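Read through the structure below, which is laid out as structure tokens, and then see the notes.
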6 protein chains.
Amino acid sequence: MKRGFYIGRFQPYHNGHQSVLEHIADYADEIIIGIGSAQLSHQIDNPFTAGERVLMITRSLVSLGCPFYVIPIEDIKRNALWVAHVRSMTPPFESCYSSNPLVMQLFKEAGITVQSPAMYERDTLSGTEIRRRILSGEPWENLVPPAGSRVLSEIDGTGRLRQIARED
Amino acid sequence: MKRGFYIGRFQPYHNGHQSVLEHIADYADEIIIGIGSAQLSHQIDNPFTAGERVLMITRSLVSLGCPFYVIPIEDIKRNALWVAHVRSMTPPFESCYSSNPLVMQLFKEAGITVQSPAMYERDTLSGTEIRRRILSGEPWENLVPPAGSRVLSEIDGTGRLRQIARED
Amino acid sequence: MKRGFYIGRFQPYHNGHQSVLEHIADYADEIIIGIGSAQLSHQIDNPFTAGERVLMITRSLVSLGCPFYVIPIEDIKRNALWVAHVRSMTPPFESCYSSNPLVMQLFKEAGITVQSPAMYERDTLSGTEIRRRILSGEPWENLVPPAGSRVLSEIDGTGRLRQIARED
Amino acid sequence: MKRGFYIGRFQPYHNGHQSVLEHIADYADEIIIGIGSAQLSHQIDNPFTAGERVLMITRSLVSLGCPFYVIPIEDIKRNALWVAHVRSMTPPFESCYSSNPLVMQLFKEAGITVQSPAMYERDTLSGTEIRRRILSGEPWENLVPPAGSRVLSEIDGTGRLRQIARED
Amino acid sequence: MKRGFYIGRFQPYHNGHQSVLEHIADYADEIIIGIGSAQLSHQIDNPFTAGERVLMITRSLVSLGCPFYVIPIEDIKRNALWVAHVRSMTPPFESCYSSNPLVMQLFKEAGITVQSPAMYERDTLSGTEIRRRILSGEPWENLVPPAGSRVLSEIDGTGRLRQIARED
Amino acid sequence: MKRGFYIGRFQPYHNGHQSVLEHIADYADEIIIGIGSAQLSHQIDNPFTAGERVLMITRSLVSLGCPFYVIPIEDIKRNALWVAHVRSMTPPFESCYSSNPLVMQLFKEAGITVQSPAMYERDTLSGTEIRRRILSGEPWENLVPPAGSRVLSEIDGTGRLRQIARED
């Protein structure tokens, strides 16, 4: 059993995340998707709750063809404890997929393999860009999986983001 | 879409939980399973990590026939905020299944329907009894789904429980 | 300006508290009433929220004849910091009225006068006894000020306490 | 009984807050004033303790003609739980008065009416401006109620702010 | 460099701790002494602050003949993170000396050697017994190193313990 | 017994800190060195763990000629409680040595003498500058005591800092 771990904030979940996960699915027997900063929501940089992000991810991956777990991970605010925190919240895993420098360092110091090959770095898309487009009224729906877009519509995610970004 | 919420500590997941979930599956379109006190482990009353509990539950429900989410829920230690905390960590749900008096009261005050009919109260089995049997060396495997028992074996859950229960 | 500080959990506010406060009102220019363990509610020993306790206290003291402040104080869970915590949440005060041994010791170590004369110890009534009576169906309304009793009625405080005290 | 809720950080309490509260007093039977970020003090943006702010507000409102509660509210750092947190610390209220976009969104999602009419937006005054004036030595006393100014003088609030703003 | 870790609550530091540390000094190049539950004080089971415990330990070990570090360790309240927490607060160490079953299990799961031979188990003395003697007025000074006893005298540790143990 | 308190984050410990401590050693009987923000590590501004900082400091001061304590101090995030927090974690002290404006204000409000004479302000060196040099590949070893430099080498501190500072 090769279980792989992938972490993100998914604010929102987008095609870049989807593409990375589809690649991981070729190598892993099971995938654990950790939703970072799970306790944050209703912020300009973190508009969606962990539960809303669980829904976006799960619905977008129905045809992934690889079993996966979606686990909210609250911030522990102590980097030296973060890997132990992640491992306590997830089924055991052997490798981590990430191109985030801090995540890579923390797992490396914990003796866990981190894979960050070029093919996984296709997440040139970013949540920052999508939130910017939503706020400026530019098209963004094509950057996220259709199922994720439907979730945002159901919870009026764009309305929430625009309201909290208003000037006082 | 009727989504139902079911909460437990699952220390460990047992046949009573399984039976309740199989009944809920007849009524709900999707089930959200909240793992309470997710941050606790390595205690006599809470021996297993949230991740280990995720694994026990997920493997035991592979043939449930109803989509489900397994979500670790850390304690918020403020009862008045607990329902809001649960809702922030989970996809939206309409009803809650519980026979725990505090859970029933908290959801009732939040205006959420709680269903606690007799047929769901078949969880006469208890984690307390299973932990007692593990410690005393009595048979317990028949009280948990086979898949859950295999997880406990893989992580040496009984060895851990017996060690932390030793006298100093 | 002689400001005095009085702390309690007020679960619920009762005639003993009322009597002590009426005595303090004879000596102080202003009274600060700290509601301890403000974050707790919906527990058998702490059934009411801080806000509900604010309401019970304020309504019961409308004719006290001495200005007073009612301040929720969340637990800090570090006794050595508790006096500094209290002082940060309250207007400056010169003396403390208490017969609780720990409160007396903490204020004494902080160099603050604690008054605990016999006349203030008339709180032989206790929240514990009142909660016991509510649960057993014995009369309790005569032990709390009428205004406090009306607040409990408005929020269905007895119903909540009885529900959360039920066996699972 | 129409109870209204008004939240601010009150660093310091100023004439804009006073004006808003006088307007609310025309419509509400009782007013609850929540002191946000109650746990913060001795920061350039948050120089005063919750207790000092309680004192400024209470003394400035002695002739308001409407009963009011002044309640310190510590940050909960989880927006999705904030309304539940506020409600646990305050007497029950039916409407909220605010022009802060996040506060408006959070109360709206909780199903609570938010009133933000133009007449309440007279808080063009800001704590930021007053703190800037204190630091630069410009006149600021005319921007706060006289009673609030006296409290700042009693606690040497300007001295504290100037000291903590010094370069290291 | 062989560095060894020893953990205790040291409420108070006594001859049993001293004896264990003198044995460890024969094997280790340096000793790290972790003061557990560092944030607790002024409780019947935890009467002394971390700083007071630092003083008792340091003064009692002046002639140990082995370099040592005394490090307060606040509780993390998540057993699965405790070893990572300890390691972040201490210089690197290779082995742990303990006969506490939970500490042994947590270090074992983290892959760290735990030594618990009979000769180290001479801590038949216990803080519980010493606190009981202080409260009952029985002799206790002979159970702690003279330097530790002097610290307790300087801070009036027995007076504090007796006061907080009084009936309300 | 004159005990003096000195606080810093020591990210990393450098010659400026060393110089200040050598001066304090002329006046104090014992020195307490508090390691601030002890819980932070693996950040660009806080790369090293508390334990690593304990090691750098202790090894650099072996020939100080004045007894000293090195105590990690976790952030309490409430300035009004910080002095009480520090005092609970440290042996009793009479004076504080600091030129940090906030530290000076907090100790002054607590009635503790703060000494900040020019001769102690020789810490024109800064951790910020050293971290900048490490990241840019400029020489930095001459700015820290040799023993501190060796610790950084043992833990590959520069490698860690460079990795976590990489672009994502």
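The values are calculated or read from the model by the stated rules, or taken from the named source; none is laboratory data. These figures come from a predicted structure and were not determined experimentally. Cβ sites come from the backbone with ideal geometry, for glycine too, and all protein chains shown count toward neighbours. Each accessible area value is taken on the protein alone, full model and side chains, heavy atoms only, with ligands, DNA and RNA left out. Shrake-Rupley method; radii C 1.70, N 1.55, O 1.52, S 1.80 Å.
Key figures
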{"read-out": "Solvent-accessible heavy-atom area per residue, rounded to whole Å², over chain D at 1.4 Å", "value": "39 Å²"}
{"read-out": "Relative contact order of chain A, pairs being alpha-carbon contacts under 8 Å that are 6 or more residues apart, as %", "value": "30 percent"}
{"read-out": "D:TYR27 paired with D:ALA110, simple spin-label distance in nm, labels 7 Å along Cα-to-beta-carbon", "value": "1.8 nm"}
{"read-out": "Helical contribution to [θ] at 222 nm, DSSP H n ≥ 4, -39,500 (n - 2.57), averaged over chain B, rounded to 500", "value": "-12500 deg cm²/dmol"}
{"read-out": "Fraction of alpha-carbon pairs over 21 Å apart in the stretch B:83-165 - percent", "value": "51 percent"}
{"read-out": "Nearest-0.05 FRET efficiency for D:LEU64 and C:ASN142, computed from C-beta distance (R0 30 Å)", "value": "0.30"}
{"read-out": "Proximal lysines to B:LYS77, defined as alpha-carbon separation beneath 16 angstrom and excluding residues fewer than eight positions away on the same chain", "value": "C:LYS77, D:LYS77, E:LYS77"}
{"read-out": "Estimated buried accessible area (total), pair A and B, 1.4 Å, Å² to nearest 100", "value": "1600 Å²"}
{"read-out": "Carbon plus sulfur fraction of accessible area for the protein assembly as shown, probe 1.4 Å, in percent", "value": "48 percent"}
{"read-out": "Rounded to whole Å, sorted largest first: equivalent-ellipsoid semi-axes of the stretch B:126-168, Cα gyration tensor", "value": "18, 13, 7"}
{"read-out": "Nearest beta-carbon to the C/E symmetry axis - residue in chain C, distance in Å", "value": "C:LYS77, 6"}
{"read-out": "Accessible-area ranking of E:MET89, B:MET104, largest first, probe 1.4 Å", "value": "B:MET104, E:MET89"}
{"read-out": "Hits among aspartates and glutamates - C-alpha to C-alpha of A:LYS2 under 19 Å, sequence gap 8 or more where chains match", "value": "A:GLU22, A:ASP26, A:ASP29, A:GLU30, A:GLU94, B:GLU52, B:GLU154"}
{"read-out": "Nm distances between copies for F:GLU109, ranked from closest, using label points 7 Å along Cα→Cβ", "value": "2.1, 3.3, 3.3, 3.3, 4.1"}
{"read-out": "Cβ-vector label at 7 Å, A:PRO139, separations to other copies in nm", "value": "5.9, 5.9, 6.6, 7.8, 9.1"}
{"read-out": "³J(HN,Hα) computed for each position of the stretch E:38-43 - Karplus, 6.51 cos²θ - 1.76 cosθ + 1.60, integer Hz, glycine/proline x", "value": "4, 7, 8, 6, 6, 10"}
{"read-out": "q = 0.13, 0.21 Å⁻¹: log10 I(q)/I(0) that the Debye formula gives for the stretch A:1-72, counting C-alpha atoms only", "value": "-0.34, -0.84"}
{"read-out": "Rh by Kirkwood over Cα pairs, then Stokes-Einstein D for the stretch F:9-168 at 1.567 mPa s and 4 °C, µm²/s", "value": "79 µm²/s"}
{"read-out": "Nearest-0.05 FRET efficiency for A:SER19 and C:SER19, computed from C-beta distance (R0 60 Å)", "value": "0.25"}
{"read-out": "Cβ-Cβ FRET estimate between E:ARG133 and C:ASP45, R0 fixed at 25 Å, reported to 0.05", "value": "0.20"}
{"read-out": "Using alpha carbons only: equivalent-ellipsoid semi-axes of the stretch C:53-123, gyration tensor based, whole Å", "value": "22, 17, 12"}
{"read-out": "Area of B:LYS77 that stays accessible when all protein chains are in place (1.4 Å probe, Å², to 10)", "value": "130 Å²"}
{"read-out": "Coil-residue trypsin sites (Lys or Arg not before Pro) of the stretch E:2-69, DSSP, other Cβ within 10 Å capped at 13", "value": "E:LYS2"}
{"read-out": "Distant-in-sequence amide H partners of F:GLN115 (H built 1.01 Å from N, under 5 Å)", "value": "F:CYS96, F:TYR97, F:SER98"}
{"read-out": "Label spacing, shortest first and in nm, from B:LEU125 to its equivalents in the remaining copies (7 angstrom along Cα→Cβ)", "value": "4.2, 5.0, 5.0, 6.4, 6.6"}
{"read-out": "Angstrom value of the Kirkwood radius, inverse mean 1/r, which spans all Cα pairs in the protein assembly as shown", "value": "30.9 Å"}
